[in-house]
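Step one of this worksheet: look at the structure below.
The values are calculated or read from the model by the stated rules, or taken from the named source; none is laboratory data. Since the model is a prediction, treat every value here as computed from it, not as a measurement. Virtual Cβ from ideal backbone geometry, glycine too; neighbours counted across all protein chains shown.
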Amino acid sequence: MAQAQAGQEGPAQGHGWLALALVEARSNGGGLALEALARARALFEPAQDRTALALCDEVWAIQLRHAGDPAASMHLQREIDARSEPGLRPYDRFIAHNSRALTHQWLGQPDEALRHFYAAADAAQTSGLAGARITALCNLGGFHQALFNLDDARTLSHQALQLARQAGKSAGVANAAANLIVIHHAAGQPAEARAMVDLLCEQADAIGPAALQGYALPLALGHLGMGEIDAAQRHLDLGMAGNEPGDTLAFRTWLQARCWLARSLPERARELTMRALRERESQRRSDPPYDLMELHRAAADACEALDDTRAALTWVRQAQALYEQLVGRSARARFIALQVGHELATAQRERDMALDSRRSVEDDHRRLALLNEALQVKMAETQMLHARLQEQAVRDPLTGLHNRRHLFDVAPGLLELARRNDRPLCVALIDLDYFKLLNDTFGHQAGDAELQRFASLLPQLLRRSDVTCRHGGEEFVAVMPDIDADGAAAVLSRLLEEYQAPNQDSGARRPPSCSFSAGIAIFPKHGHTLEQLLSRADRALYSAKRLGRARIERALGTDFSVLA
């Protein structure tokens, strides 16, 4: 259509060349893009069409970014913004904001990128064009996934998928499905990721085999998550024949390493991951943090399979550091999303108020009530998001239990209540037996699974009034109000019995002899603060370990005041 418009005369011809320049700039056709852009300028300059000339500059900024000069692209975009050219259509604003978002993303400025992606989505929504809305939602969902904000990423990508299916846009369906494969895998949902593989492959006839080949890595990931190694390898091999963007090295490497680990070829997996890490270091590559984390994890598992535990531990620590960075990015992304939503709502309210001022006073009052109601809803959403962020800060991401921070927040209040009411309170320190041996024998994934299994038993067998948390590593703490040492020991004995019970699922690969040791301290007999009680419980735990493990021991009966 752009070529057809370029063959016309007058303004239509100028916009035709401009549209052709945009298509070529996006597809890295540098020479053709510059030629088409020059023709468009030549047609717009005599009429001094400032809006059209600003659009030419927008396309030139896109061309600069695709040519590998994002800094120059940003400089030009700031010049365009300083001119504040009027008359931009919603679709033109979508193009401008989307381009700025990609420039900021390239320059490693996620906050600014996220704001422009939201502005692009707002402009696309205003335009009413399905293609623009699908693209904006896919870009926004994909960027939230890169920031590890998986909840928003999943919601936005599902919206893009639903809209693309309704509009019959096969390319949009494919993009959204590819995003969702990665999102579901990162969220630990392999079956959902595999379903997206089937949906993506259904678009093959519509988008063509060459386009489908561009999705080789997400397709391989979806198969890999369900243990379909041969299918995953076929997609990896097909992808090697295509032209993948340069930032897929880490993604491809850890996928291939996982395939080789699944085929019991740890030597090849380690060689591949080490080579990729060396190349990244020498070329100073900036890989997506999630892929880099998975690359380190694959390197750790390869080293562990080859009994190189020291190297495995090094890579595990680096992977954990990247994971903590991703969690921080996720919280920041959710905050920015909320803030941008509030800003957009404010802008909408201001537009509404300007329109309302032209109407009758009665209509003004009615619309003001609606705006106040919307504001209350937004405030409630803000409070809900704030509460969710606070809850995430005191939760252990692996087990779902509360963490040490929560324990030290609530325990002083429970101790003070027990003192005032002259009621007993017990603190139990629990440590899984032989956990290091389990990790060394079965791997870190088995260790994580065992921690999750034990954590799931705590809310089932302990009382609702008890406060449980993961204290660190394989160590857990339970603060048990209104119970004496005999009662606490009985509860923990039931927990130990249930934890040691054989697995009913005979097909599961479970480590043998799962047990724990525990030490109990009593308030106020063994201490008046949480730190004192934990110290006495730790001595009792040590005694339980020394006496053979798989047992519960109480702190010595000596009154704390004598020890102080």
Quick check: anything in segment 445-459 farther than 30 Å from Asp301 by Cα and touching a residue at least 24 places away in the same chain (Cβ under 8 Å)? no
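Per-residue answers, yes or no, for (1) surrounded by fewer than 18 Cβ atoms within 10 Å (Cβ to Cβ); (2) touching a strand residue (DSSP E or B) at 6+ places or on another chain (Cβ under 9 Å); (3) at pLDDT below 95:
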site	(1), (2), (3)
Val427	no, yes, no
Gly443	yes, no, yes
Leu451	no, yes, yes
Arg464	yes, no, yes
Val477	no, yes, no
Taking Gln3, is it of a type in the set (S, T, N, Q), at pLDDT below 85 and farther than 21 Å from Tyr91 by Cα? no
Between a residue in segment 46-61 that is in a loop (DSSP other than H, G, I, E, B) and any residue that is surrounded by fewer than 20 Cβ atoms within 10 Å (Cβ to Cβ), which pairs come within a Cβ distance under 9 Å, given they are 6 or more apart or on different chains? Ala47/Pro11; Asp49/Pro11
Which is touching a helix residue (DSSP H, G or I) at 6+ places or on another chain (Cβ under 6 Å), more than 27 Å from Gln125 (Cα to Cα) and modelled with pLDDT of 85 or more, of Arg93, Arg41, Arg100? Arg41
Which ones in segment 454-479 are out of contact with any Lys or Arg (no Cβ under 9 Å at 6 or more places or on another chain), under 25 Å from Lys436 (Cβ atoms) and of a type outside the set (A, V, I, L, M, F, W, C)? Ser456, Thr468, Gly473, Glu475
Of the numbered conditions (1) under 26 Å from Ala333 (Cα atoms); (2) out of contact with any helix residue (DSSP H, G or I) (no Cβ under 8 Å at 6 or more places or on another chain), Ala82 fails exactly one; give the number of that condition. (1)
Condition broken by Glu271, with the remaining ones in (1) within 25 Å of the chain's Cα centre (by Cα); (2) in a helix (DSSP H, G or I) satisfied: (1)
Considering every residue within segment 185-195, establish whether at least one is modelled with pLDDT of 90 or more, farther than 18 Å from Leu150 by Cβ and surrounded by 15 or more Cβ atoms within 10 Å (Cβ to Cβ). no
Exactly one of Arg423, Arg470 is within 24 Å of Ala540 (Cα to Cα), basic (Lys, Arg), crowded, with 20+ Cβ neighbours inside 10 Å and not assigned by TED's automatic domain parsing to the domain that holds Arg297, and that one is Arg470
Counting only residues in segment 399-419 that are among the small types (Gly, Ala, Ser) and not in a loop (DSSP other than H, G, I, E, B), the one surrounded by the most Cβ atoms within 10 Å (Cβ to Cβ) is identified as Ala411
What single numbered condition from (1) in a loop (DSSP other than H, G, I, E, B); (2) closer than 29 Å to Ile336 by Cα fails to hold for Leu180? (1)
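Okay, residues lined up against (1) surrounded by fewer than 23 Cβ atoms within 10 Å (Cβ to Cβ); (2) of a type in the set (Val, Ile, Thr); (3) farther than 30 Å from Ile183 by Cα:
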site: Leu64; (1), (2), (3): yes, no, yes
site: Tyr91; (1), (2), (3): yes, no, no
site: Asn98; (1), (2), (3): no, no, no
site: Gln145; (1), (2), (3): no, no, no
site: Arg154; (1), (2), (3): yes, no, no
